[in-house]
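Engineer: I'd like to ask you about the structure that follows.
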Amino acid sequence: MRLRYRYRVYPDAIQRHTLARAFGCARTVFNDGLRTRRDAHEAGLPYICDGDLSKQVITQAKQTAERAWLGEVSAVVLQQALADLNTAYRTFFASLSGRRKGRKVAPPRFRSKKDNRQAIRFTRNARFAVTAGGRLRLPKIGDVAVRWSRALPSEPSSVTVIKDAAGRYFASFVVETPDEPLREVASEVGIDLGLTHFAVTSDGRKISNPRILRRAAKKLRKAQKALSRKTKGSANRVKARVRVARAHARVADTRRDFAHKLSTQIIRDNQAVYVENLAVSGLARTKLARSVHDAGWSAFVAMLEYKAARYGRTFARIDRWFPSSKLCSACGTVAGSMPLNVRSWICACGASHDRDVNAAINILAAGRAERLNACGGDVGPPLAVVDADEAGSLRGAA
């Protein structure tokens, strides 16, 4: 399995200046390639292939006085910037033709030096390396100090150097990781995601919603107000903007840490995990949008999925239209309308249900049913034999 391993890096002043120049060169090549293709399209010319575009905006551009400074950075950085443009175009065309499922993708846009995130990528052709002293050696940049939080599992195929909005630098390695199947366990779990509780499991466990963004709202509001009072273009405004970005980065890091720890615990303790396929983009357009974004369900479910694949667990999503909350887990009766303020209810069969626990139990049952059906089992329950004295109707009777 291919995974990304990200580490914090600490370039010195000279290396920061060199990285800024590399960011600018990669951005220029991307924009030149995009502009060339747009001009060709407006002139009615055929689509410029990847090889011809590389010759125009890199090889030939280096020989001109206006773009001679492109030779100051690694050629791999420029080629990878152009590869990103080509990928963006292919994705856009696939979305137009319908080959790509999901939401429509917009055409590539020009990159700005004011973008919050700047990045360059080095592949094996660039011959980057990790030195014996634990530093990251990058061509035409130097040996950059790295904080190694864990060892790389294998030789990386590429490394991306990232500068985020908070001014932090990261090195993101793409590595091949071997599958590490865990010892099999008997337990399986269904998970109902929510806002009152972040997750409720089918065994009755309720995990509190950390509400990380709401807890940091006061500090974020104070930093944003300080930013709004600063004069545009001033050095103090730049410092205030960085303070706001660092506050938001702290929120994102805390949310990611919570999701990683919880997903690892669930995968370790259960052989199969089933979750509901929520329409997060639709929920984000309601009055609960801030709470939905604060929960971070999509990232959490994605972590469950890739960790299940790596550690030999079963993972499945249940259809979003499955009535998990309204379905009685005891008798199978579907209740009528059930507003969100109804947290517990009693079925006609007499069973009393906690709304979230009942939904998690139904998600577990639906996941097991789909899994058995995929392995050749029955879709529904087996047919029962009718008793001799049981009343019934003739076929075709009204």
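Engineer: Among residues belonging to region 131-152 that are touching a residue at least 40 places away in the same chain (Cβ under 8 Å) and not in a strand (DSSP E or B), point out the one that is farthest from PHE173 (Cα to Cα).
Structural biologist: Top of the filtered list is LYS140.
Engineer: Before we move on, is ARG320 of a type in the set (Lys, Arg), assigned by TED's automatic domain parsing to the domain that holds GLU370 and in a loop (DSSP other than H, G, I, E, B)?
Structural biologist: On the way: of a type in the set (Lys, Arg): yes; assigned by TED's automatic domain parsing to the domain that holds GLU370: yes; in a loop (DSSP other than H, G, I, E, B): yes.
Yes, satisfied.
Engineer: Can you tell me which residue within region 274-290, out of those that are surrounded by fewer than 12 Cβ atoms within 10 Å (Cβ to Cβ) and either within 16 Å of the chain's Cα centre (by Cα) or among the hydroxyl-bearing types (Ser, Thr, Tyr) (or both), is farthest from MET303 (Cα to Cα)?
Structural biologist: My answer is THR286.
Yes or no, residue by residue, for (1) closer than 14 Å to ALA316 by Cα; (2) modelled with pLDDT of 85 or more; (3) loosely packed, with under 13 Cβ neighbours inside 10 Å:
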residue: LEU340; (1), (2), (3): no, no, yes
residue: TRP345; (1), (2), (3): no, no, no
residue: ALA359; (1), (2), (3): no, yes, no
residue: ILE363; (1), (2), (3): yes, yes, no
residue: GLY367; (1), (2), (3): yes, yes, no
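Engineer: Follow-up question, since we're still on this one. Report, by residue number, each residue of region 38-71 that is closer than 15 Å to ALA81 by Cα and basic (Lys, Arg).
Structural biologist: Within region 38-71, just LYS55 meets the criteria.
Yes/no matrix, rows are residues, columns are (1) hydrophobic (A, V, I, L, M, F, W, C); (2) within 23 Å of VAL189 (Cβ to Cβ); (3) touching a Gly at 6+ places or on another chain (Cβ under 9 Å):
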{"position": "GLY336", "(1), (2), (3)": "no, no, no"}
{"position": "ASN341", "(1), (2), (3)": "no, no, no"}
{"position": "ASN358", "(1), (2), (3)": "no, yes, no"}
{"position": "LEU364", "(1), (2), (3)": "yes, yes, yes"}
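Engineer: Separate question: Just one of THR254, THR201 is in contact with a helix residue (DSSP H, G or I) (Cβ under 8 Å, 6 or more places away or on another chain) and more than 30 Å from TRP321 (Cβ to Cβ); which is it?
Structural biologist: Details: THR201 fails: more than 30 Å from TRP321 (Cβ to Cβ).
When all the criteria are applied, what remains is THR254.
Engineer: Out of the residues in region 250-301 meeting the condition of being in contact with a Ser or Thr (Cβ under 7 Å, 6 or more places away or on another chain) and of a type outside the set (A, V, I, L, M, F, W, C), tell me which one is nearest to LEU340 (Cα to Cα).
Structural biologist: GLU276
Engineer: Residues of region 1-60 being of a type in the set (Ser, Thr, Tyr) and in a helix (DSSP H, G or I), which ones?
Structural biologist: Taking region 1-60 first, the residues of a type in the set (Ser, Thr, Tyr) are 5, 7, 10, 18, 28, 36, 47, 54, 59.
Within region 1-60, THR18, THR28, THR36, SER54, THR59 qualify.
Engineer: Being of a type outside the set (Phe, Trp, Tyr) and surrounded by 15 or more Cβ atoms within 10 Å (Cβ to Cβ) is the filter; apply it to region 108-128 and report the residue that is nearest to ALA26 (Cα to Cα). Give the derivation first.
Structural biologist: To start, the set of residues in region 108-128 that are of a type outside the set (Phe, Trp, Tyr) comprises 108-109, 111-121, 123-127.
Filter again for surrounded by 15 or more Cβ atoms within 10 Å (Cβ to Cβ), leaving 108, 111, 118-121, 123, 126.
Working: PRO108: 15, ARG111: 10, GLN118: 10, ALA119: 9, ILE120: 7, ARG121: 9, THR123: 14, ALA126: 15 Å.
It comes out as ILE120.
Engineer: To continue, here is another question. Which residues, counting only those in region 324-345, are in contact (Cβ under 8 Å) with a residue 12 or more places away in the chain and either in a loop (DSSP other than H, G, I, E, B) or in contact with a Leu (Cβ under 9 Å, 6 or more places away or on another chain) (or both)?
Structural biologist: Answer for region 324-345, where residues must be in contact (Cβ under 8 Å) with a residue 12 or more places away in the chain and either in a loop (DSSP other than H, G, I, E, B) or in contact with a Leu (Cβ under 9 Å, 6 or more places away or on another chain) (or both): SER324, SER325, LYS326, CYS328, SER329, ALA330, CYS331, THR333, ALA335, MET338, VAL342, ARG343.
Engineer: How many residues does region 160-190 contain that are hydrophobic (A, V, I, L, M, F, W, C) and over 19 Å from the mean Cα position of the chain (by Cα)? Reasoning before the result, please.
Structural biologist: Filtering region 160-190 down to residues hydrophobic (A, V, I, L, M, F, W, C) leaves 161-162, 165-166, 170-171, 173-175, 182, 185-186, 189.
If we keep only those that are over 19 Å from the mean Cα position of the chain (by Cα) too, we end up with 166, 182, 185-186, 189.
Residues that pass the stated criteria total 5.
Engineer: Does region 181-195 include one or more residues that are outside the structural domain of ALA247 (by TED's automatic domain parsing), surrounded by fewer than 18 Cβ atoms within 10 Å (Cβ to Cβ) and of a type in the set (Lys, Arg)?
Structural biologist: yes
Engineer: Among the residues of region 153-170, what is the count of those that are assigned to a loop (DSSP other than H, G, I, E, B) and either basic (Lys, Arg) or closer than 26 Å to ARG246 by Cα (or both)? Walk me through how you get there before you give the answer.
Structural biologist: Within region 153-170, the first condition is being assigned to a loop (DSSP other than H, G, I, E, B), and the residues that meet it are 153-157, 164-168.
Cutting the leftovers down to either basic (Lys, Arg) or closer than 26 Å to ARG246 by Cα (or both) gives us 164-168.
Within region 153-170, residues that are assigned to a loop (DSSP other than H, G, I, E, B) and either basic (Lys, Arg) or closer than 26 Å to ARG246 by Cα (or both) number 5.
Engineer: Within region 213-233, is there a residue that is within 26 Å of TYR5 (Cβ to Cβ) and of a type outside the set (Phe, Trp, Tyr)?
Structural biologist: So in region 213-233, the residues within 26 Å of TYR5 (Cβ to Cβ) come out as none.
No: zero hits.
Engineer: Among residues belonging to region 68-98 that are hydroxyl-bearing (Ser, Thr, Tyr) and under 24 Å from the mean Cα position of the chain (by Cα), point out the one that is farthest from ARG137 (Cα to Cα). Steps first, please.
Structural biologist: Initially, region 68-98 is screened for residues hydroxyl-bearing (Ser, Thr, Tyr), giving 74, 87, 89, 91, 95, 97.
Adding the requirement that they be under 24 Å from the mean Cα position of the chain (by Cα) leaves 87, 89, 91, 95.
Numbers: THR87: 27, TYR89: 32, THR91: 33, SER95: 38 Å.
Selected residue: SER95.
The values are calculated or read from the model by the stated rules, or taken from the named source; none is laboratory data. Everything numeric here is computed off the predicted structure, so don't read it as measured data. Reconstructed Cβ throughout: ideal geometry from the backbone, glycine too, with neighbour counts over all protein chains shown.
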